[in-house]
């Protein structure tokens, strides 16, 4: 039994589909409930704002009411504001931290008893932006750095009951990053990095499903870069 937030598109959708293809029952949560309808592999679709306490709790509670257990929580929902720090409003800062960090805390805290009972685990989606400068988006980078710290702390606190890991995607071909790029621009963009291409959402999904699986049973507190080598001293993203 798996919950994936931000499941309507991109990394979240690819992750939900891969879990379902592996035989899991998958609940998808997203602000855009209409877009969730297109993800046929989902057993249940839930809306709401994951940064809101009541909405976040409802995602966990409704899942448990419907299925009676929870094995894996994938915190993937995120928003991205690309602009210099001087142009970021306090409201945008708050929204970035609410969706990209606060929601992870709310969902994990609510899910912990069920996850502990099932011997389950959490996979958080961080970002390479938490590890190195990529482009001006200080609120996003700060939130994702918090996700990595949260992952370490909760892995230690939750000990043998619940494993907690993270992935840190690099340049992935998703709506947030490449919506305005032509195919030629995307190909040129990818050639700047060691593996010579941009990542696909499925590249990140593979890593998430691995970390959630019994094959990763002795891994906790880790953040796995899924970056194509972006962090190896090559130029910044823009």
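Side notes on the structure shown:
- Prolate/oblate/rounded label for the stretch 79-138 (Cα gyration tensor, a/c 1.5): oblate
- Rounded Å value of the spacing that divides the Cα centres of the stretch 187-206 and the stretch 1-29: 21 Å
- Using alpha carbons only: equivalent-ellipsoid semi-axes of the stretch 1-78, gyration tensor based, whole Å: 16, 15, 10
- Rounded tilt (10° steps) of 201-212 against the dominant C-alpha axis of the chain: 40 degrees
- Separation of the stretch 214-234 from the stretch 120-141 is 13 Å, based on Cα centroids.
- Of the peptides 40-50, 9-19, 83-93, the ranking by mean beta-carbon count within 10 Å, highest at the top, reads 9-19, 40-50, 83-93.
- With Cα atoms as the point set, the radius of gyration and Dmax of the stretch 2-225 evaluate to 16.7, 49 Å.
- Take the Cα of residue 149, step 7 Å toward its Cβ, do the same at residue 200, and the gap between the two points is 3.7 nm.
- Between the stretch 93-114 and the stretch 64-81, the alpha-carbon center distance in angstrom: 10 Å
- Angle in degrees between helix 138-158 and the longest Cα principal axis of the chain, rounded to the nearest 10: 40 degrees
Every number in this text was worked out from the coordinates using simple rules, so none of it is lab data. No experiment lies behind these values; they were computed from the predicted model shown. Cβ coordinates were reconstructed from backbone atoms using ideal geometry, including for glycine residues, and neighbour counts include every protein chain displayed.
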